[in-house]
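Single-structure report; data block below.
The values are calculated or read from the model by the stated rules, or taken from the named source; none is laboratory data. Since we're looking at a predicted model, the values are computed, not measured. In this analysis, Cβ positions are derived from the backbone assuming ideal geometry, glycine residues included, and neighbour counts consider all displayed protein chains. Side chains included, ligands, DNA and RNA excluded: accessible areas come from the protein's heavy atoms. Shrake-Rupley method; radii C 1.70, N 1.55, O 1.52, S 1.80 Å.
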Amino acid sequence: MLSFIHTADVHLDAPIRAMSVSYELRQDDFRRTMRTVRDLVLEKRADVWLIAGDLMELHGGRRTTAIFLRDLFASVAPTPVCIAPGNHDPWRADSFYQSLEWPGNVYWFTPEWGAFEFPEKSCVVYGWGFPQPHVYESPLAEFPGKLPGYRHHLMVLHASVVNGGGEEHHPYAPVTVEQLAETGMDYIALGHIHKPARFAHPVHRRTFAAYPGSPEGLSVKESGPRHVLYGELNEAGELLLEELPVQTRMIVRREIDIQGAETVDQVADILESGLADVQDGQILDITLTGNRPVHFTPATDVLEKRFSRFFAIRIADRTRPDLDAGKLIAEGGIWGRWLQRLAEEEAAAAASSDEQRQAVARMAMKIALERIGGMIG
């Protein structure tokens with residue numbers, strides 16, 4: 001049996017987009033997550049650690065972070081650590097990947113296809129690394145093929161699987177499932193897409209390639225548990241793949257209906273109930289929904305202070321004054337005509353895929369109802 005840990009897209013030293021959190025404290029979270037992954041490599045006695053790119057940032061990456069990684073990888077020796085640089089950490093002369101001396105158990109893939117042989121494991125690990133941040137052609141076109149005489153064949157690759165769920169990301173190094181299958185690999189450790197995904201072989205229909213997703217959330221889009229993948233290949237080449245949670249802090253996104261609340265204290269009580277299952281120290285992105293009295297607007301800055309037990313919290317107010325917009329539209333008049341035009345824009349925005357237009361339309365309607373409610377109140 002051959003076992004491995006597969007991670008990707010750690011993005012050490014990257015700008016943090018998950019609200020206005022402390023940069024250095026959050027970077028320490030990412031380092032703690034990497035230590036958790038290292039501990040899994042040792043605990044599982046993995047035969048190889050596969051890292052599929054975007055490990056640390058080329059631009060903005062610090063020498064102290066590279067030294068942290070160097071020491072971390074040395075701590076699992078002699079277990080091989082096989083790394084395929086991605087678009088955020090390409091294999092360049094000005095990269096710490098080339099300027100720093102790395103332990104002997106660290107194997108770097110470069111823009112020329114490489115194959116590292118481990119005869120004692122009857123295994124070959126193949127890989128390719130980005131030469132620069134932008135690559136628009138498939139690197140698999142130049143793949144030279146498998147080496148003979150080995151039982152297990154693994155590949156590490158930072159790439160976009162076309163029509164593979166990565167449409168939100170730039171299609172750098174695009175590949176298809178069919179191209180991946182043609183390599184003849186037992187398993188392909190992918191990176192680039194921050195959402196977990198698995199791909200079935202077009203012939204035998206079993207999983208043979210996967211994205212683990214980012215191990216620590218970089219933005220509010222990367223909420224919930226974050227994982228690495230632990231894999232085992234038996235003598236017949238059959239794959240067992242398991243998700244292992246590793247995040248240091250979880251990003252939690254919630255919509256909470258505050259219908260009926262008329263004071264900040266009442267809203268706080270509703271939030272306490274709605275967040276009772278969330279551990280202290282997490283990162284929260286909360287949206288308030290529902291109708292509220294026209295005389296009351298939730299003070300989100302006060303509410304955020306009330307919940308300081310969390311590492312960071314952002315509360316967005318999407319409630320609406322409890323006014324009957326349809327009735328006002330039917331009655332006509334200047335308010336009705338104003339609301340009619342806003343309702344038409346809101347409907348058109350909802351039918352489109354333009355998230356910014358939808359947000360502007362919702363905000364316009366909300367402001368209009370607030371102003372009308374203020375005049376009525």
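Being closer than 17 Å to ILE51 by Cβ and touching a residue at least 60 places away in the same chain (Cβ under 8 Å) narrows it down to one residue among VAL220, VAL228; which is it? Break it down stepwise before answering.
Numbers: VAL220 fails: closer than 17 Å to ILE51 by Cβ.
Selected residue: VAL228, the only one of VAL220, VAL228 that is closer than 17 Å to ILE51 by Cβ and touching a residue at least 60 places away in the same chain (Cβ under 8 Å).
Scanning the range 318-349 for residues that are surrounded by 15 or more Cβ atoms within 10 Å (Cβ to Cβ) and within 18 Å of GLN266 (Cα to Cα) yields THR319, ARG320, PRO321, ASP322.
Would you confirm whether or not the range 301-317 contains a residue that is farther than 30 Å from TYR23 by Cβ, touching a Ser or Thr at 6+ places or on another chain (Cβ under 8 Å), surrounded by 17 or more Cβ atoms within 10 Å (Cβ to Cβ) and not hydrophobic (A, V, I, L, M, F, W, C)?
no
Of the residues ALA115, ALA93, which is farther than 19 Å from ALA14 by Cβ, surrounded by 12 or more Cβ atoms within 10 Å (Cβ to Cβ) and not polar (S, T, N, Q)? Quick ask: steps written out before the conclusion?
Working: ALA93 fails: surrounded by 12 or more Cβ atoms within 10 Å (Cβ to Cβ).
Within the list ALA115, ALA93, the selection yields ALA115.
For the range 280-300, taking the residues that are modelled with pLDDT under 90 and outside any loop (DSSP other than H, G, I, E, B), the one that is surrounded by the fewest Cβ atoms within 10 Å (Cβ to Cβ) is identified as ASN291. Per the listing SER99, SER138, the residue uniquely touching a residue at least 40 places away in the same chain (Cβ under 8 Å), over 24 Å from GLY231 (Cα atoms) and out of contact with any Phe, Trp or Tyr (no Cβ under 7 Å at 6 or more places or on another chain) is SER138.
Taking first residues from the range 236-249 that are farther than 19 Å from ILE188 by Cβ and open to solvent by 50 Å² or more (accessible area, probe 1.4 Å) and partners that are at pLDDT 95 or above and in a strand (DSSP E or B), the Cβ contacts under 6 Å between residues at least 6 apart in sequence or on separate chains come to PRO245/HIS227. Close contacts from the range 342-359, counting a first residue that is part of a helix (DSSP H, G or I) and a second that is β-branched (Val, Ile, Thr) and surrounded by fewer than 16 Cβ atoms within 10 Å (Cβ to Cβ), with Cβ to Cβ under 8 Å and a gap of 6+ residues or different chains, come to ALA349/VAL360.
When you check ALA66 against the structure, is it more than 27 Å from SER223 (Cβ to Cβ) and touching a residue at least 12 places away in the same chain (Cβ under 8 Å), yes or no? I'd like the intermediate steps shown before the answer.
Working: more than 27 Å from SER223 (Cβ to Cβ): yes; touching a residue at least 12 places away in the same chain (Cβ under 8 Å): yes.
Considered against the rule, which asks whether it is more than 27 Å from SER223 (Cβ to Cβ) and touching a residue at least 12 places away in the same chain (Cβ under 8 Å), ALA66 comes out as yes.
Among the conditions (1) closer than 28 Å to GLU117 by Cα; (2) under 23 Å from the mean Cα position of the chain (by Cα), ALA181 misses just one, which is (2).
Taking TYR136, is it open to solvent by 50 Å² or more (accessible area, probe 1.4 Å), within 28 Å of PRO174 (Cα to Cα) and out of contact with any strand residue (DSSP E or B) (no Cβ under 7 Å at 6 or more places or on another chain)?
So TYR136 passes the test.
With respect to (1) more than 27 Å from SER138 (Cβ to Cβ); (2) touching a Phe, Trp or Tyr at 6+ places or on another chain (Cβ under 8 Å), the lone exception for SER273 is condition (2). Within the range 350-364, the presence of at least one residue that is basic (Lys, Arg), under 19 Å from LEU288 (Cα atoms) and open to solvent by 40 Å² or more (accessible area, probe 1.4 Å) is confirmed.
Might you let me know whether the range 5-24 holds any residue that is without any contact (Cβ under 8 Å) to a residue 40 or more places away in the chain, surrounded by fewer than 17 Cβ atoms within 10 Å (Cβ to Cβ) and not hydroxyl-bearing (Ser, Thr, Tyr)? So that I can check it myself, show each step before the final result.
The first filter runs over the range 5-24 and keeps only residues without any contact (Cβ under 8 Å) to a residue 40 or more places away in the chain, leaving 22-24.
Narrowing further to those that are surrounded by fewer than 17 Cβ atoms within 10 Å (Cβ to Cβ): 22-24.
From the residues that got through so far, the ones that are not hydroxyl-bearing (Ser, Thr, Tyr) too are 24.
Yes, the range 5-24 has at least one match.
Listed by position, the strands (runs of 3 or more DSSP E) inside the range 183-265 whose residues that are over 21 Å from PRO171 (Cα atoms) number at least 2 are 227-233, 239-245, 251-257.
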